[in-house]
Amino acid sequence: MDAPHAEDPGAHREQAPQQPRSAGRTITELQETAVPYDAEATPGPGPSPRRKWPGGEPRYLGLALVGCGVAMLPWLVVLAKTLPATTRVRHWSTAWVGLDALEALGLATTGRLLLRRDPRCALTATATAALLVTDAWFDVTTSAAGTEFTTAVAMAVGIELPMATLCTVLAVRSLRRPSRDPGRGVRTRW
């Protein structure tokens with residue numbers, strides 16, 4: 001409230017004592033407008049310390065994931081010692097066509113989201129990059145010696161890995177430059 005006007009001499013006596021307002025808002029006003037601990041955080045870069053995580057704190061989830069990764073190491077040794085060097089696969093062509101179809105869907109979806117300036121393009125770009133690296137790995141490691149191997153390496157180096165790198169760079173840039181305006185979407189240099 002403002003100071004009483006000179007026209008009303010009794011207004012000063014009717015006012016209740018208040019806290020000094022020199023610092024702007026009072027402590028009570030700040031407490032009333034404070035965001036509760038469990039409220040959803042405003043969108044912005046990086047995780048918010050106020051967001052509640054399902055199943056406990058993010059630290060415990062991170063430790064659990066690291067533990068799962070370490071626990072897989074003995075399994076990798078078992079696989080390396082027991083898997084046969086060659087094998088016949090019943091649905092070989094279905095597996096490869098399915099993988100390439102997922103890559104095509106990922107690239108198209110990432111492109112569409114990028115055109116719409118939708119920040120979710122970081123998610124599809126990341127998934128598509130992982131699929132492209134996986135495709136390059138299995139193309140090279142499962143190809144027969146000779147021209148098949150040369151073709152697999154050429155496709156990995158010339159197409160799949162550069163596309164994976166492009167998708168990764170797009171994802172990282174999209175995460176680093178979130179839009180301040182929710183209607184504007186993601187800002188990139190492209």
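The table below gives the values:
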| item | result |
| --- | --- |
| Residues satisfying the stated conditions in the stretch 79-99, i.e. open to solvent by 70 Å² or more (accessible area, probe 1.4 Å) and either touching a residue at least 12 places away in the same chain (Cβ under 8 Å) or not in a loop (DSSP other than H, G, I, E, B) (or both) | A80, K81, T82, W92, S93, T94, V97 |
| Members of the stretch 107-163 found to be of a type in the set (G, A, S), over 14 Å from the mean Cα position of the chain (by Cα), within 22 Å of A95 (Cβ to Cβ) and in a helix (DSSP H, G or I), listed by number | A108, A136, A152, A154, A156 |
| Residue satisfying condition, being closer than 15 Å to C167 by Cα, exposed (fewer than 14 other Cβ atoms within 10 Å of the Cβ) and among the aliphatic types (A, V, I, L, M), within set L131, L115 | L115 |
| Checklist (1) assigned to a helix (DSSP H, G or I); (2) at pLDDT below 95; (3) exposed (fewer than 14 other Cβ atoms within 10 Å of the Cβ) applied to A171, failing item | (3) |
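The values are calculated or read from the model by the stated rules, or taken from the named source; none is laboratory data. None of these values were measured; they are calculated from a predicted model. Quick reminder, even Gly has a Cβ in these numbers, built from the backbone with ideal geometry, and neighbours come from all protein chains shown. When the accessible area is computed, the model is the full protein with side chains, heavy atoms only, and any ligands, DNA or RNA have been set aside. Shrake-Rupley method; radii C 1.70, N 1.55, O 1.52, S 1.80 Å.
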